[in-house]
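Below is one structure; the comments refer to it alone.
The values are calculated or read from the model by the stated rules, or taken from the named source; none is laboratory data. Computed from a prediction, not measured in an experiment: that's the story for all the values here. Note: ideal-geometry Cβ built from the backbone for every residue, glycine included; neighbour counts use all protein chains shown.
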Amino acid sequence: MYLSEVSTELESIVDASIKKHNKFLIAVLQDIQRHYNYLPEDAIKLVADKLEMPLRDIYGVASFYKAFSFNKKGKHIITACLGTACHVRGGPKIVDAITKELNIKPGETTKDMQFSLETAACLGCCAIGPIVVVDGVYFSNVKPTMVKKIIEQTKSGIEKTDIEKYKHIFPVKVSCPRCNHSLMNTEHLIDNYPCIHITVSFGRKHGWLRLSSLYGSYSIESEHEIPMDTELNCFCPHCHTELTSSFECPICGANMVPLMIRGGGTVHFCPRRGCKGHMLDV
Ligand code: FES
């Protein structure tokens with residue numbers, strides 16, 4: 001027993017998450033991280049207690065994945081890529097510009113708890129770097145002069161950004177890698193863009209899945225409710241080929257789903273519900 005007293009809010013979040021995810025540790029930690037924006041020490045102890053796992057095992061898992069943080073983060077997370085490709089295209093200058101604008105270095109949070117700055121080794125879309133991700137929205141070909149505007153847009157609500165006018169946020173148009181038939185559904189919009197339409201099966205269910213075509217968005221709609229952590233089998237709705245590849249998701253290890261990008265390149269996404277693994281190769 002690691003704890004004698006915890007807040008009722010924390011306990012109810014942990015209890016609900018354990019029940020929902022059938023004691024799947026990573027998903028429980030994701031729920032806590034989502035709610036608090038970090039993993040409070042009390043929460044980790046409580047999870048260890050409820051799952052009857054050694055505390056060191058919970059810390060082992062939580063410290064392995066970069067998505068988890070032990071420190072309280074700002075309302076908005078800015079991640080600047082410093083992988084090799086982004087580095088040679090000026091990534092360090094972007095970090096300098098953000099540091100100058102917000103007065104924080106990578107790993108720090110502004111005093112008003114509005115922004116945290118992080119760096120990444122590669123965000124999976126090297127050819128259009130330098131990449132900056134703000135609250136999950138990807139900006140490509142970023143220049144130091146754009147940093148002020150990106151921060152201003154974040155303050156006023158990044159979701160209100162007019163993507164049509166802002167060419168550095170990019171939607172993709174994709175087709176089946178086997179039959180080359182377009183997978184775009186122009187009659188149905190998600191995030192204000194034509195969605196990607198495929199079919200999926202899990203358990204005994206089979207139905208359609210619509211995904212946002214905005215790279216970095218995780219918005220989906222589906223015919224059947226898909227429980228978190230379910231690994232889907234994905235298919236082309238035209239040739240019915242299963243869409244799978246030998247690439248493993250860098251987050252959860254599932255086999256990634258490949259889609260051809262119109263104009264060249266491939267985008268891979270993780271078929272596990274709730275996992276944010278994805279890669280872009282243009
Ligand atoms: S190096 Fe920046 S996205 Fe790969």
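Observations on the model:
- Top-ranked residue of segment 124-151 - restricted to ones that are surrounded by 23 or more Cβ atoms within 10 Å (Cβ to Cβ) and at pLDDT below 85, ranked as nearest to the ligand (Cβ to nearest atom): Cys125
- The number of residues in segment 41-98 being under 30 Å from Val14 (Cα atoms) and in a helix (DSSP H, G or I) comes to 21.
- Here is the figure for segment 186-219: residues that are under 20 Å from Ser140 (Cα atoms) and part of a strand (DSSP E or B) total 2.
- Residue in segment 258-269 that is among the basic types (Lys, Arg) and in a strand (DSSP E or B) present: no
- Residue check for Thr110: among the hydroxyl-bearing types (Ser, Thr, Tyr), over 18 Å from the mean Cα position of the chain (by Cα) and over 22 Å from Lys155 (Cβ atoms): no
- Taken as a whole, the structure places Lys105 among residues that are in the same structural domain as Phe139 (by TED's automatic domain parsing), touching a helix residue (DSSP H, G or I) at 6+ places or on another chain (Cβ under 6 Å) and in a loop (DSSP other than H, G, I, E, B).
- Extreme residue, nearest to Met260 (Cα to Cα), among residues of segment 191-211 that are polar (S, T, N, Q) and at pLDDT 90 or above: Thr199
- Number of the exception - Ser116 against (1) part of a strand (DSSP E or B); (2) within 15 Å of the ligand (Cβ to nearest atom): (2)
- A count restricted to segment 81-101 and to residues that are near the ligand (Cβ under 10 Å from one of its atoms) and more than 23 Å from His268 (Cβ to Cβ) stands at 1.
- Failed item, numbered, when Ile104 is tested on (1) within 14 Å of the ligand (Cβ to nearest atom); (2) within 29 Å of Ile44 (Cβ to Cβ); (3) among the β-branched types (Val, Ile, Thr): (1)
- Flag if Ser12 is modelled with pLDDT under 95, assigned to a loop (DSSP other than H, G, I, E, B) and not assigned by TED's automatic domain parsing to the domain that holds Ser156: no
- Residue in segment 126-134 that is assigned to a loop (DSSP other than H, G, I, E, B), more than 19 Å from the chain's Cα centre (by Cα) and not β-branched (Val, Ile, Thr) present: no
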